[in-house]
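Here the structure comes first, spelled out in structure tokens, and everything after it is commentary.
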Amino acid sequence: MATLIQNGTIVNADTTERADLLISGATIREIRAGIPPSAADTVVDASGLLVLPGGIDAHTHLDMPFGGTTSADDFETGTVAAAIGGTTTIVDFAIQARGTKMRDALDLWWKKAAGKAVIDYGLHMIVTDLGQSGLEDMDDLVREGVSSFKLFMAYPNALMVDDATIFKALRQTAKNGALICMHAENGSAIDVIVQQALAEGKTAPIHHALTRPTRAEAEAVHRSIALAEMAGVPVYIVHLSSEDALNQVREARDRGLPAFAETCPQYLLLSLEDHLEDGWEGAKYVFTPPLRERRNQPSLWEGLRRDHLQVVSTDHCPFCFEDQKALGKSDFTKIPNGGPGIENRLQLLHHHGVGLGRFSLNRFVELVSAAPARIFGMYPQKGLLAPGSDADLVLWDPLQPHTISAATHHMRVDYSLFEGFRVRGNARDVYSRGELIVSNGNFIGRPGRGQYLRRAARGGAWQ
Ligand code: URP
Ligand code: ZN
Ligand code: ZN
């Protein structure tokens, strides 16, 4: 089965060209001007459209237990929403339950995804406990294509690990080529501030943000990078939210260190001031790190433009406002942490990044697809439009207006962080490994068609 996409503008991270693109089976066979229609079974006219490599969201939490409940999207609803928004690959987080083997968590997350995922997916492993054999277990996981691990410096008594664990895990990646992803916030200091707030009767959602200062983030980013430097390995900071923390990454990169970081649309576009007066509504914005003061946003945008930040992911971790966020009605520490966004990342970044002249289309592709593919061991299978790469691509209408709303979105959650945001630019058609799964904005794929991605470690072969 061959599909010819004619007359589109092919946009990669480093090139833009008017050309035709021929898909053969699951891969891209050819890109050049003037491919004859006779080469294909189906011909699609992409005049006026951009042809982009499918988006890669390197930070999602589908079907994830947290705070006494489970994130509202599973691998089916979450990946359908992702696909409609132009994302064709996710990397989700499996969680090692303390005292158990990482292998058990991998098996469990494979089961969660099986028969459900509609796009390809990789898995990171959240390490909560190295135990006796944790370092060898990490090597075992790398052989299974889990080439990145997340460690938490926050959430004491739940997910947080100590510096010795972090340092040991970092040193192991010098041997096995994996990448350590850090949730960088000083959880011990934050806990002291949180306990004081509760003792003073400060229980409303806003206190989630007010008890997590940017210095606590910056200190942990600094410590992560210092530990990685001592171990002689790269490190990746997840969901970076503030100028203070960004300065630590920038300084490290200026010194030539392999420090990488992502931010998320909520930190670029929403602020503490916007939601300060929201009362209980503020529970919608309880995620970690929290929303920051608006003055942080220009620095984050500049960071994206100048490559101090390499990736935009979503940290999609949805909890319904009515029945899940309500668990913390009388105590902000009981509100499940997380917010939705898997569907809207490309729309928001295209509109507010490219549309408002903050960076180029090529930089957009780099941030939402090529860089996560490279950093997380999927390139050039993913993240690139070129012969031999997977035919994961988006026919993007750069002019299509769209208003983001919970009334029309496809995520299984009863609110949107970006309710009423008007954007220009949206996915029209989406192909995953050569199969049309979104047509004119409607999902037409099949649950379970998504495949597990065995991701390469640094220096490893592309599989
Ligand atoms: O609040 C958040 N970010 N929830 C998901 C877990 C995490 O820390 O990424
Ligand atoms: Zn985190
Ligand atoms: Zn997360």
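The values are calculated or read from the model by the stated rules, or taken from the named source; none is laboratory data. Just so we're clear, the structure is a prediction, and the values are computed from it rather than from any experiment. All Cβ positions, glycine included, derive from the backbone under ideal geometry; neighbour counts span all protein chains shown. We work out accessible area using only protein heavy atoms, side chains counted, and drop any ligands, DNA or RNA first. Shrake-Rupley method; radii C 1.70, N 1.55, O 1.52, S 1.80 Å.
Distances between placed amide hydrogens fall under 5 Å for Leu179 paired with Ser148, Phe149, all partners being 5 or more residues away or on another chain.
Each of Ile180, Ile126, Val194 was scored by the projection of its Cα onto the charge dipole of segment 54-380, and the greatest displacement toward the positive side belongs to Ile180; charges sit on the C-beta of Lys, Arg, Asp and Glu.
If eta is 1.306 mPa s and T is 10 °C, what Stokes-Einstein diffusion coefficient results for segment 41-178, Kirkwood Rh from Cα pairs, in µm²/s? Estimated via Stokes-Einstein, D reaches 96 µm²/s. In this structure, Glu281 and Ala39 have a Cβ-Cβ separation that, at R0 = 60 Å, corresponds to a calculated FRET efficiency of about 0.65. Remark: spin-label model distance Asn7-Lys111 equals 5.2 nm, labels positioned 7 Å along the Cα→Cβ axis. The H on the amide N of Ile237, modeled in the peptide plane, is under 5 Å from the matching H of Met182, Phe260, Ala261, Glu262, each at least 5 residues off or on a different chain.
Would you mind checking the pairs Lys101/Lys202; Lys112/Lys334; Lys111/Lys150; Lys116/Lys150 and listing those with alpha carbons more than 27 angstrom apart? Intermediate results must be reported in sequence, preceding the final value.
Numbers: Lys101/Lys202 39 Å; Lys112/Lys334 25 Å; Lys111/Lys150 20 Å; Lys116/Lys150 24 Å.
Distance filter (> 27 Å) returns Lys101/Lys202.
Rounded to the nearest percent, how much of the accessible area of segment 102-234 (1.4 Å probe, protein heavy atoms only) is carbon and sulfur? The value for segment 102-234 is 54 percent carbon and sulfur by accessible area.
If you place +1 on the Cβ of every Lys and Arg, -1 on the Cβ of every Asp and Glu, and leave all else neutral, what size is the dipole of segment 182-243 about its Cα centre, to the nearest 20 Debye?
Values: 4 positive and 7 negative charges, 18 e Å.
Dipole about the Cα centre, nearest 20: 80 debye.
If the chain linking Ser133 and Val192 were pulled fully straight, counting 0.36 nm for each residue of separation and taking away their Cα-Cα distance, it would gain 18.0 nm. Our coupling estimate for segment 30-37, obtained by passing each phi through the Karplus curve with A = 6.51, B = -1.76, C = 1.60 and θ = phi - 60°, is 8, 9, 5, 6, x, 5, x, x Hz, Gly and Pro reported as x. Between Glu302 and Glu419, the modelled labels are 3.4 nm apart [label points 7 Å from Cα along Cα→Cβ]. Computed from backbone phi with θ = phi - 60° and the Karplus coefficients 6.51, -1.76 and 1.60, the 3J(HN,Hα) list for segment 255-269 is 7, x, 7, x, 9, 10, 8, 10, 10, 9, x, 5, 7, 7, 10 Hz; x is used for glycine and proline.
Applying 1/(1 + (r/R0)^6) with r as the Cβ-Cβ distance of Lys175 and Asp104 and R0 = 30 angstrom yields a FRET efficiency of 0.85.
Centroid-to-centroid, using Cα positions, segment 70-99 and segment 315-375 are 13 Å apart. The distance linking segment 1-43 with segment 128-185 is 41 Å (Cα centroid to Cα centroid, whole angstrom). With both residues required to sit in segment 54-380, DSSP beta bridges show an antiparallel share near 5%. Once all protein chains are placed together, Glu144 keeps about 40 Å² accessible to a 1.4 angstrom probe. Taken about its Cα centre, the chain carries a charge dipole of roughly 660 debye when the Cβ of each Lys and Arg holds +1 and the Cβ of each Asp and Glu holds -1. Compared with the alpha-carbon gap, the fully stretched path from Glu200 to Ala226 is longer by 5.8 nm at 0.36 nm per residue.
Using R0 = 35 Å, the C-beta based FRET efficiency linking Asp323 and Ser439 works out to 0.55.
The phi torsions of segment 3-13, fed into the Karplus equation with coefficients 6.51, -1.76 and 1.60 and a -60° offset, translate into couplings of 10, 10, 9, 9, 6, x, 9, 8, 10, 10, 5 Hz, rounded to whole numbers, with Gly and Pro shown as x.
A convex hull fitted to the Cα coordinates of segment 54-380 yields 123 cubic angstrom per residue. Among the trypsin sites (Lys or Arg not before Pro) found in segment 68-135, those both in a DSSP coil and sparsely packed, with 13 or fewer other Cβ atoms within 10 Å of their Cβ, are Arg98.
Look at where the Cα atoms of segment 211-237 and of segment 387-431 average out, and the two centres are 33 Å apart. Taking label positions 7 Å along the Cα-Cβ direction at both Glu251 and Asp331, the computed distance is 3.7 nm, reported to one decimal.
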